[in-house]
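We did not get these values from a lab; they are worked out from the coordinates using the rules stated. In this text, all values refer to a predicted model and were calculated from it rather than measured experimentally. Backbone-built Cβ (ideal geometry, glycine too); neighbour counts: all protein chains shown.
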Amino acid sequence: MAVFPGTYIPIGVHSDARINHIIDDLLTPRLLTFRQIIINDEQAVNISSVWWKCTYPNWNESFPFIFIRNGGENITPATIDYISGRFSTSSVPTDGDWINVTYCFDWFSAGILAGYIYQVLDIINNSGQNVSPTSYTIDNAPANWNGVISDLTFAMCMEKLLLDYDLWYGRVIFAIGANDLNEGAGGDIAAQLETLKQNAEDRANISLQNEKFKVGNLLGLPTATYYAAVRGIGGARGYSKLKGWKPNKYI
């Protein structure tokens, strides 16, 4: 299992061992920057009597969180909801109280990546040249599919970043201010993401365009003559499924 020293990314969290392998060993090394984004000193929003909410969910639990009340008092929350990105305090805040939080969150949680992997499997099952659609699942797909699965999943991750970038989330990931976005700054970043996406798709397509990618190491692909013979269509170049059969005294 993959281990990344000095990081706070959870590993082995999915129920399927193969998905964990693809996520932890093949995808996370390429997504390290996005799987542990640190937000420093964000002012939380008081959403109820004792509950506070930060902007981004999916917190990495092993991160050394910092909660500071009113600019100087370090506090320990009564409860932390790591999935939703919120926490509660042991007492109701008074008027004028505020809490700043330093936290770390995962832009591509295991649930998101697993969803992409399942979608990619459907794409591969319906891809390929001169081959019929297949119905492989994550449990029985050939091991040599892992590279293509990880490349296409990575491409989907870049698509998500491009979409989130357009929806203003990019200013947090890429440290781009709202005014800069309005003025068109950061265009190079979008172009780089598009290049990464295209490179991953090109690598995957090299394999998908291989006629033997889905049929395995056969000596040769089935021919039209073979199909005509096994289906009982006589006269196909002198072949039929009864070719060479002779009756005997028992028939």
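Modelled spin labels at residue 209 and residue 137, positioned 7 Å past Cα toward Cβ, are 3.3 nm from each other.
For a Förster distance of 35 Å, can you work out the FRET efficiency between the beta-carbons of residue 17 and residue 119, rounded to the nearest 0.05? Let's see the in-between values first.
Values: r = 20 Å, r/R0 = 0.56.
Once the sixth-power term is evaluated, E becomes 0.95.
Reported to the nearest whole Å, the Cα centre-to-centre distance from region 119-139 to region 43-73 is 44. Highest mean packing first, where packing is the average number of other Cβ atoms within 10 Å per residue, the peptides 18-26, 70-78 line up as 18-26, 70-78. Judged by the mean number of other Cβ atoms found within 10 Å, the most tightly packed of the peptides 147-158, 37-48, 95-106 leads the ranking 147-158, 95-106, 37-48. What you get for region 37-105, charging only the Cβ of Lys and Arg (+1) and of Asp and Glu (-1), is a dipole of about 120 debye around the Cα centre.
For a straight C-alpha distance cut-off of 17 angstrom, the aspartates and glutamates reachable from residue 197 (same-chain residues fewer than eight places away being disregarded) are 151, 159, 164, 166, 188.
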